[in-house]
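Here is the structure we will look at.
The values are calculated or read from the model by the stated rules, or taken from the named source; none is laboratory data. The shown structure was predicted, so the numbers you read here are calculated from the model rather than taken from an experiment. Virtual Cβ from ideal backbone geometry, glycine too; neighbours counted across all protein chains shown. Accessible surface areas use protein heavy atoms only, side chains included; no ligands, DNA or RNA. Shrake-Rupley method; radii C 1.70, N 1.55, O 1.52, S 1.80 Å.
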Amino acid sequence: MSTIIEANNLTKKYGEFTAVDNLSLEVREGEIFGLLGPNGAGKTTTIMMLAGLIDPTSGNAIVAGFDVTREPRKVKAVTGYLHDRFACYDNLTARQNLDFYAQLNDIPKSKRAKRIDSLLEAVGLSRWKDVKVGKFSRGMKQRLGIAQALINEPKIVFLDEPTAGLDPQGTREVRMLIKRLCREEELTVVVTSHILPEVEQLCSRIGIMKDGKLIAVDTFENLVKRLAPEEGIFIRLELNKLDDKLLRSIEDMPGIRSVDRDGNELMIHADHDLREKLAAAIAEAGSLILTMHIVQPRLEEVFLKVYGRGWI
Amino acid sequence: MAGMWTIAKKEIIDHLTSVRFIIIFAVLVILILCSAYEGVQQYFKEGSRMLIPGQSAFLAVFTWGITEKIAVVGSLLGIAIGFAAISQERDSGSLITLLTHPVFRDSVINGKLMAGACALIFASFTAIALALTTVITLTGVAPTGDETARLLTFMGISGLYMIMWLGVSMFFSVVMRDTTSSLLASIITWLISTNLIYSIASLIASIVAPLGGGIITPHRIGWKRHFEVFRAITRFSPTCCYRDVAQSVLGSSFRGGLIIVEPGKPMPAPPSLLECLSQSWPEITVIVVVLVVSFAASYLLFMRQEIR
Ligand SMILES: Nc1ncnc2c1ncn2[C@@H]1O[C@H](COP(=O)(O)OP(=O)(O)OP(=O)(O)O)[C@@H](O)[C@H]1O
Ligand SMILES: [Mg+2]
């Protein structure tokens, strides 16, 4: 897979304040790339620079072969963008709005109607195409926003918090829509979010941002793996009977960090996988293991610890 | 100019179908038609007595209120179109959406100015044409060639004046943080131009060059000086400038607003349209300069503005 977005030392300063700090990044063709980070991390600023909407203070980026500062219009011509407060014209219908954006993209009249119809179909707004957007619900507007971003058959779409403000149903629909469109339209997608499960479900690779810096870029699995050693692992254990002596011997075992007891169930936090030793100790004490398995650390918890401050 | 025509087309449709525009335009038309009717009544009642010597009775009907209605309500129409031009799109977020598509920023602001100007030219021409139709119907008199030329010039000046207000209010819509502040700034400017400067000019003129209580005779130096001071100050008001130009074009005012007839000499001949225009040059310049400066300023600011 070839690189379609390449950012080198992108920096954006607002006065003294650095919103994005020396960010370098590569996104490959056809992937769904997630930018994850707390409020104010600089996600929006980053993708606005990548989409040619704001000029970086320093650094540069090549998007689909064009330099974002020198040829922002060409970048815009081959990308789509869904703004985090997406809005279009409330006094126009869904179809009129899309027609306006299609004209701005120089889509010939003969193709416009077909393109608009198929997009409205794809985002599930066919029934509402002649309704004024002012009457739309938040979720419908968001879906129109996605259609608007795809109007020029882009190579790349930037989606800034595409599910913010949607209910669970709407959130699920939009996520499915993004996945499907990405597959069908052969898109590269860059999506920002501060919700972990969202990027986990959606993205092939994730970049974690904090205070304007990109602190890690990898697949979800690798991120988890990389974080695991220092986090240790969790083992859940259910026994037929559990006395204080056995509990104490487990607690005293080397490598055990903590043990939480709930009836005959234990949640053990250990440095590494101690299942064999545990099984031996339990057999020696004359108890039977009903269940024993490793609990994947919840990424939220891990990230929370590693990257500080609660932001999930 | 990628996108300019697309934006202009959309904006024109927006204007012509917007409630704001339709209401103010309707008010303007009604007021102008009323003024035309009153003017015609006056024309029948007083005949040539209402006239300044040498002025056409037909054109005098138009100076009877119509000019004033455009000076006040026409400017409001310009503001109504301009005050939200950029700020509303910025407030709602549609400006960012617009700029994510491959348009030049100049196309956005040029398209909006052009659409607004078209709507205003349409409005001023329609309103004045309706007034003209009314006057012709009621009096049964058709304008002569010179009168027609003067009326067309009057239409042009009125359109220009309204577009100037579009420029001013668009400037505020670029500069101000939100639409409410933009509207407020436009309205304050409008009050200053339509009322405040006029009042201040009267006040200062009567302090600097009091008219006294005697019978006013054109010979009196004080009268002339009073007028000069008054005019110098009202130059700062585009509305006063517009009034002056419009009245001069319609032939109802000689330079300085008074005719000085030297004893024993004949009445001076009324100035031709071209003479009127060249006499009004400073006032026309004021209107054009305000338009150009406010538009250039909004243009430069908008090109540089961070969009978020
Ligand atoms: N025009 C501006 N002037 C000054 N500071 C700004 C401006 N725009 C953004 N910032 C600051 O830059 C930082 C990064 O903002 P950005 O919107 O990129 O964050 P984000 O990661 O998208 O956050 P969120 O999750 O809230 O959308 C924030 O601290 C914000 O206050
Ligand atoms: Mg953001």
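Within a Cβ distance under 9 Å of A:Val217, other residues only, what is the Lys/Arg minus Asp/Glu net charge? Each step should come with its number before you reach the end.
Details: positive: A:Arg205; negative: A:Glu26, A:Asp218.
After counting each charged neighbour, the total is -1.
Non-local amide H neighbours of A:Val20 (under 5 Å, H modeled in plane, Pro and chain starts lacking H): which ones?
Amide H neighbours of A:Val20, under 5 Å, 5+ apart: A:Lys12.
Sticking with the crude label model, points 7 Å out along Cα→Cβ, report the distance from B:Arg225 to B:Val293 in nm, one decimal please.
Spacing of the two 7 Å Cα→Cβ label points: 3.0 nm.
At 7 Å along the Cα-to-beta-carbon direction for both A:Val131 and A:Thr11, put a label point, then send me their distance in nm to one decimal.
Each label point is offset 7 Å from its Cα along the Cβ direction, giving 4.9 nm.
What residues of the stretch A:40-78 lose no less than 50 Å² of accessible area with every protein chain in place versus their chain by itself (probe 1.4 Å, heavy atoms only)?
Listed by number, the residues meeting the 50 Å² cut-off are A:Leu53, A:Arg73, A:Lys76.
Give the cross-link partners of B:Lys10 among the lysines, using a straight C-alpha distance below 27 Å as the criterion and excluding same-chain residues fewer than 8 apart.
Here the lysines satisfying the reach criterion relative to B:Lys10 are A:Lys74, A:Lys76, A:Lys109, A:Lys111, A:Lys114, A:Lys129, A:Lys132, A:Lys135, A:Lys141, B:Lys112.
Pairing the Cα long axis of helix B:179-191 with the longest principal axis of chain B, what angle in degrees results, from 0 to 90 and rounded to the nearest 10?
Helix B:179-191 sits roughly 10 degrees off the main axis of chain B.
Comparing the chain by itself with all protein chains present, which residues of the stretch B:96-123 are at least 20 Å² less accessible (probe 1.4 Å)?
By number: B:Ile96, B:Thr97, B:Leu98, B:Leu99, B:Thr100, B:His101, B:Pro102, B:Val103, B:Phe104.
If we count every other residue with Cβ under 12 angstrom of A:Glu173's Cβ, Lys/Arg +1 and Asp/Glu -1, where does the sum land?
Values: positive: A:Arg143, A:Arg172, A:Arg175, A:Lys179, A:Arg180; negative: A:Asp167.
Result for the local shell: +4.
Roughly how many nanometres apart are two label points built 7 Å out from the Cα toward the Cβ at A:Val295 and B:Arg308?
The modelled label-to-label distance comes out at 3.8 nm.
If r is the Cβ-Cβ distance from B:Thr133 to A:Asp262 and R0 is 60 Å, what FRET efficiency results, to the nearest 0.05?
The pair B:Thr133/A:Asp262 has a calculated efficiency of 0.10.
Determine the residues within the stretch A:104-134 where the difference in accessible area between the chain on its own and the full set of protein chains amounts to at least 50 Å²; count protein heavy atoms only and use a 1.4 Å probe.
A:Leu104
If I compute solvent accessible area with a 1.4 Å probe over the protein chains, what percent of it on the protein assembly as shown is carbon and sulfur?
Exposed carbon and sulfur together represent 59 percent of the surface.
Considering chain B as a Gaussian network with a 10 Å cut-off on Cα pairs, which listed residue, B:Ala232, B:Ala85, B:Ala149, attains the greatest mean-square fluctuation?
For chain B, modelled as a Gaussian network with Cα springs under 10 Å, the answer is B:Ala232.
Can you sort B:His226, A:His293 by solvent-accessible area, 1.4 Å probe, largest first?
A:His293, B:His226
Rank these residues by their accessible area, most exposed first, probe 1.4 Å: A:Met49, A:Met253, A:Met267.
Ranking A:Met49, A:Met253, A:Met267 by accessible area, largest first, yields A:Met267, A:Met253, A:Met49.
Can you say what percent of the DSSP beta bridges in the protein assembly as shown, counting only those with both residues inside, are antiparallel? Round to 5.
Values: 39 of 57 bridges.
If we restrict to bridges inside the protein assembly as shown, about 70 percent are antiparallel.
Rank B:Leu152, B:Thr97, B:Val61 by how far each Cα sits towards the positive end of the charge dipole of the protein assembly as shown (+1 on Lys, Arg Cβ; -1 on Asp, Glu Cβ) and give me just the farthest.
My answer, from the dipole projection, is B:Val61.
Would you please classify the overall shape of chain B from the alpha carbon gyration tensor, given that a ≥ b ≥ c denote the square roots of the eigenvalues, rounded means a/c under 1.5, and beyond that prolate means a/b larger than b/c while oblate covers the rest? Walk me through the numbers before you get to the answer.
Details: a/c = 2.50, a/b = 1.70, b/c = 1.48.
Prolate is the answer for chain B, as a/c is 1.5 or above and a/b outweighs b/c.
Using only helices, what value at 222 nm comes out for the protein assembly as shown when you add -39,500 (n - 2.57) per DSSP H run of length 4 or more and divide by the total residues, to the nearest 500 deg cm²/dmol?
So the calculated ellipticity at 222 nm is -17000 deg cm²/dmol.
With +1 on the Cβ of every Lys and Arg and -1 on the Cβ of every Asp and Glu, and nothing else charged, how large is the dipole of chain A about its Cα centre, in debye rounded to the nearest 20?
1460 debye
Would the protein assembly as shown count as rounded, prolate or oblate if I go by the C-alpha gyration tensor, calling it rounded below 1.5 in a/c and otherwise prolate when a/b exceeds b/c, oblate otherwise?
prolate
Which ³J(HN,Hα) values, rounded to whole Hz and listed in residue order, are derived for the stretch B:160-177 from phi using the Karplus coefficients 6.51, -1.76 and 1.60 in 6.51 cos²θ - 1.76 cosθ + 1.60 with θ = phi - 60°, glycine and proline given as x?
4, 4, 5, 5, 4, 5, 4, x, 4, 6, 5, 4, 5, 5, 7, 6, 6, 5
Can you give the angle from 0 to 90° between the axis of helix B:4-17 and the longest principal axis of chain B, with both taken from C-alpha atoms, to the nearest 10?
60 degrees
Take chain A, connect every pair of alpha-carbon atoms lying under 10 Å apart with a spring to form a Gaussian network, then pick out the residue of A:Asn39, A:Asn91, A:Asn22 with the largest mean-square fluctuation.
A:Asn91
Using a ≥ b ≥ c from the Cα gyration tensor of the stretch A:1-80 (square roots of the eigenvalues), is it rounded, prolate or oblate, where a/c under 1.5 gives rounded and otherwise the larger of a/b and b/c decides, a/b for prolate?
oblate
As I understand it, the dipole of chain B uses +1 on the Cβ of Lys and Arg and -1 on the Cβ of Asp and Glu, about the Cα centre. Which of B:Phe171, B:Leu130, B:Ser202 lies farthest toward its positive end?
B:Ser202
Just name one of B:Gln88, B:Val27, A:Thr45: the one whose Cα is farthest towards the positive end of the charge dipole of the protein assembly as shown (beta-carbon charges, Lys/Arg +1, Asp/Glu -1).
Highest projection toward the positive end goes to B:Val27.
Rounded to the nearest 0.05, what FRET efficiency do B:Thr148 and B:Phe44 have when you use their Cβ-Cβ distance and R0 = 25 Å?
0.70
Of the candidates B:Thr100, B:Thr148, B:Thr139, which one comes out as most mobile in a Gaussian network treatment of chain B with C-alpha springs shorter than 10 Å?
Highest fluctuation among the options: B:Thr100.
So what is the accessible area of the stretch B:2-304 per residue, in Å², with the probe set to 1.4 Å?
44 Å²
Nearest 100 Å², what total accessible surface is buried between chain B and chain A (probe 1.4 Å)? Each step should come with its number before you reach the end.
Numbers: alone 14800 and 15840 Å², together 28300 Å².
The summed interface area works out to 2300 Å².
I want the local charge near B:Ser158. Using Cβ-Cβ distances under 12 Å, sum +1 for each Lys or Arg and -1 for each Asp or Glu among the other residues. Kindly include the intermediate steps, with their values, before the conclusion.
Values: positive: B:Lys69, B:Arg243; negative: B:Glu68.
Once positives and negatives cancel, what remains is +1.
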